[in-house]
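Note sheet for the following structure.
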Amino acid sequence: QVQLVESGGGLVQAGGSLRLSCAASGSIVSISAMGWYRRAPGKQRELVAVMTSGVSTNYADSVKGRLTISRDNAKNTVYLQMNSLKPEDTAVYYCNADILSSDYIRRNYWGKGTLVTVSS
């Protein structure tokens, strides 16, 4: 059974920093892409950042230069370093990954989310 668990959310003042982590566990054979999405109050879910199993990354324009995605493939973990946070970054952040499990079927998985609140 594969699952993703996020951690690191919390309350921070504008201009502050947080580091989110997402650890994948279970019967994992390999992970292709891992990324972060967020859902702000009253808004649709949006892509924040994604990283392939290589070094390719993709960021939402609104977070470029402030948020940085990284991966530790040995630990099946993806991170999101968030600097210079703005109130509009307030959202529930979800980890997402495409994972090949031990039954050799690739599935898309979601974490349950971690709340980030940025106060002005």
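Could you check region 1-22 and list, in sequence order, the residues that are under 19 Å from residue 77 (Cα atoms) and not in a strand (DSSP E or B)?
1, 2, 8, 9
For region 73-117, what are the residues that are of a type outside the set (D, E, K, R) and in contact with a helix residue (DSSP H, G or I) (Cβ under 8 Å, 6 or more places away or on another chain)?
From region 73-117, those of a type outside the set (D, E, K, R) are 73-74, 76-85, 87, 90-97, 99-102, 104-105, 108-111, 113-117; that's our starting set.
Once the filter is applied, which keeps residues that are of a type outside the set (D, E, K, R) and in contact with a helix residue (DSSP H, G or I) (Cβ under 8 Å, 6 or more places away or on another chain), region 73-117 yields 82, 116.
Restricting to region 88-118, count the residues that are in a helix (DSSP H, G or I) and open to solvent by 20 Å² or more (accessible area, probe 1.4 Å). Working first, answer last.
Initial filter on region 88-118 (in a helix (DSSP H, G or I)): 88-89.
Remaining after also requiring open to solvent by 20 Å² or more (accessible area, probe 1.4 Å): 88.
Of the residues in region 88-118, 1 are in a helix (DSSP H, G or I) and open to solvent by 20 Å² or more (accessible area, probe 1.4 Å).
For region 19-28, give me the residue count where each residue is surrounded by fewer than 21 Cβ atoms within 10 Å (Cβ to Cβ) and under 21 Å from residue 66 (Cα atoms). If you could, list the steps in order and put the result at the bottom.
First pass over region 19-28, keeping only residues surrounded by fewer than 21 Cβ atoms within 10 Å (Cβ to Cβ): 19, 21, 23-28.
From the residues that got through so far, the ones that are under 21 Å from residue 66 (Cα atoms) too are 19, 21.
Adding up the residues that qualify gives 2.
Cβ-Cβ distance below 9 Å, separation of 6 or more or different chains: which pairs start in region 99-119 with a residue that is basic (Lys, Arg) and end on one that is assigned to a loop (DSSP other than H, G, I, E, B) and open to solvent by 40 Å² or more (accessible area, probe 1.4 Å)?
none
Starting from residues that are of a type in the set (Gly, Ala, Ser) and at pLDDT below 95, keep the ones in region 34-61 and report whichever is nearest to residue 14 (Cα to Cα).
Looking only at region 34-61, we keep the residues that are of a type in the set (Gly, Ala, Ser), and these are 35, 40, 42, 49, 53-54, 56, 60.
From the residues that got through so far, the ones that are at pLDDT below 95 too are 42, 53-54, 56.
Working: 42: 20, 53: 32, 54: 32, 56: 29 Å.
Residue satisfying both the conditions and the ranking: 42.
Is region 62-83 home to any residue that is more than 12 Å from the chain's Cα centre (by Cα), of a type outside the set (Asp, Glu), closer than 23 Å to residue 118 by Cβ and at pLDDT below 95? I'd like the intermediate steps shown before the answer.
Restricting attention to region 62-83, the residues satisfying the condition of being more than 12 Å from the chain's Cα centre (by Cα) are 62-66, 72-76, 83.
Now narrow it down to the ones that are of a type outside the set (Asp, Glu): 62-66, 73-76, 83.
Checking which are closer than 23 Å to residue 118 by Cβ leaves us with 62-66, 83.
Pick out the ones that are also at pLDDT below 95 and you get none.
The answer is no, given that none of the residues of region 62-83 is more than 12 Å from the chain's Cα centre (by Cα), of a type outside the set (Asp, Glu), closer than 23 Å to residue 118 by Cβ and at pLDDT below 95.
Under the condition of being of a type in the set (Val, Ile, Thr) and touching a Ser or Thr at 6+ places or on another chain (Cβ under 8 Å), which residue from region 91-120 is farthest from residue 62 (Cα to Cα)? I'd like the intermediate steps shown before the answer.
Initial filter on region 91-120 (of a type in the set (Val, Ile, Thr)): 92, 99, 105, 114, 116-118.
Cutting the leftovers down to touching a Ser or Thr at 6+ places or on another chain (Cβ under 8 Å) gives us 92, 99, 114, 116-118.
On the way: 92: 16, 99: 27, 114: 19, 116: 16, 117: 17, 118: 15 Å.
The selected residue is 99.
The values are calculated or read from the model by the stated rules, or taken from the named source; none is laboratory data. All figures in this text were calculated on a predicted structure; none of them were measured in a lab. Cβ coordinates were reconstructed from backbone atoms using ideal geometry, including for glycine residues, and neighbour counts include every protein chain displayed. With ligands, DNA and RNA removed, areas are computed over all heavy atoms of the protein, side chains included. Shrake-Rupley method; radii C 1.70, N 1.55, O 1.52, S 1.80 Å.
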